[in-house]
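What follows is one structure encoded as structure tokens, with my remarks underneath.
What follows draws every value from the coordinates through simple rules; no lab data is involved. Quick caveat: nothing in here was measured; it's all calculated off a predicted structure. With ideal geometry, Cβ positions are generated from the backbone for all residues, glycine too; neighbour counts draw on all protein chains shown.
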Amino acid sequence: PHVLLLGAPGAGKGTQSKRIAERFGVDHITTGDALRANKGMDISELGFEHDTPGGFMDAGELVPDEVVNEIVVTALADADGFVLDGYPRNIEQAEFLDERTDLDAVLLLSVPDDELVDRLTGRRVCPDCGANYHVEFDTPEEAGVCDECGAALVQREDDTEETVRERLRVFRENTEPVIEHYRGTDAFAEIDGEGTPDEVWDAVADAIESRA
Ligand code: AP5
Ligand code: ZN
């Protein structure tokens, strides 16, 4: 299937996308991870405020469409089925995507703002294998150590409270119109993202199965 996962920063897109990719055998296309792998890339010739993707990311702002659309086009060309996580984030990206592929399921994970701030400021990530944890909600067996590969966990640079608030503001301003763009289509479903990861997963899997 072709799946789009929408939701605010911290709504659980990454957590659920990994399960979708595994269960349905599709590619996990995540612009956030792709950009983090290219944080220092020189994009000064584009003439924007920052000279690297990382400059935008650490400020909680969107990386320019020119950079992000290119990542998505390349990933889509290689994918049979996919789950897109973190894209589209503004109307221009949504229109760009609509011209290039059809979508079976567009799922919105809804979580209240207070909970989003708690989830993001408590998130810890593995710098080596990319696994995600939370200091309260999803703790590794040994504090601060990745269960998968044994590396020391770190906090993402954009997970400070100040940057999280800015990311939420950018989401309201730029990405909420994307939700309205897809709401009302047959592919669309809004899912309560406040339960445990397993509870949310049951609703996500059902919504995809009934649409694929
Ligand atoms: P990106 O990496 O996409 O970040 P995001 O959208 O802010 O999303 P997150 O990864 O923070 O959250 P998530 O929804 O995946 O939640 P997670 O599952 O990890 O983007 C980062 C930056 O890159 C952007 O700010 C921008 O600069 C740039 N960028 C990316 N895409 C772009 C685009 N298309 N255009 C322009 N710029 C772009 O969960 C969060 C935490 O909560 C974890 O600790 C997890 O363990 C915990 N958790 C998850 N589910 C639950 C649950 N059900 N209950 C309790 N805790 C839970
Ligand atoms: Zn790891």
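Computed values, structure above
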{"quantity": "Options Val164, Pro197, Thr139, ranked by Cα towards positive dipole end of the range 126-212, top entry (Cβ charges)", "calculated": "Val164"}
{"quantity": "The range 52-129 - charge dipole about Cα centre, Lys and Arg +1 at Cβ, Asp and Glu -1, debye rounded to 20", "calculated": "340 debye"}
{"quantity": "Residues with amide H under 5 Å from that of Leu4, placed H, sequence gap 5 or more", "calculated": "Leu84, Ala105, Val106, Leu107"}
{"quantity": "Residue among Arg169, Arg19, Arg100 with the largest mean-square fluctuation in a Gaussian network model of the chain, springs linking Cα atoms under 10 Å", "calculated": "Arg100"}
{"quantity": "Full-extension gain in nm, Phe48 to Thr101, via 0.36 nm per residue minus C-alpha separation", "calculated": "16.2 nm"}
{"quantity": "Label-point gap, in nm, between Arg23 and Ala152 - each point 7 angstrom along Cα→Cβ", "calculated": "3.7 nm"}
{"quantity": "Two-site label geometry, Ser110 and Ile91: point separation in nm, points 7 Å out along Cα→Cβ", "calculated": "2.3 nm"}
{"quantity": "Computed magnitude of the charge dipole of the chain (debye, nearest 20; Cβ of K, R +1, Cβ of D, E -1)", "calculated": "100 debye"}
{"quantity": "Residue of Val68, Val106, Val154 that the Gaussian network model of the chain assigns the largest fluctuation, springs spanning Cα pairs under 10 Å", "calculated": "Val154"}
{"quantity": "The range 1-114 - charge dipole about Cα centre, Lys and Arg +1 at Cβ, Asp and Glu -1, debye rounded to 20", "calculated": "600 debye"}
{"quantity": "Residue among Asp118, Asp104, Asp80 with the largest mean-square fluctuation in a Gaussian network model of the chain, springs linking Cα atoms under 10 Å", "calculated": "Asp80"}
{"quantity": "Net charge of Cβ neighbours under 15 Å - reference Asp198; Lys, Arg +1; Asp, Glu -1", "calculated": "-4"}
{"quantity": "Environment charge at Val73 (Cβ cut-off 12 Å; Lys +1, Arg +1, Asp -1, Glu -1)", "calculated": "-4"}
{"quantity": "Share of Cα-Cα pairs in the range 148-197 lying beyond 15 Å, as whole percent", "calculated": "69 percent"}
{"quantity": "Cut-off 17 Å, label 7 Å out along Cα→Cβ of Arg165, residues of the range 39-59 by amide N", "calculated": "59"}
{"quantity": "Point-to-point label distance, Asp33-Glu70, nm (Cα→Cβ direction, 7 Å offset)", "calculated": "2.2 nm"}
{"quantity": "Local net charge near Val178, Cβ-Cβ under 12 Å (Lys/Arg +1, Asp/Glu -1)", "calculated": "-3"}
{"quantity": "Cα-based radius of gyration of the chain once divided by 2.2 N^0.38 Å, which approximates compact folds", "calculated": "0.98"}
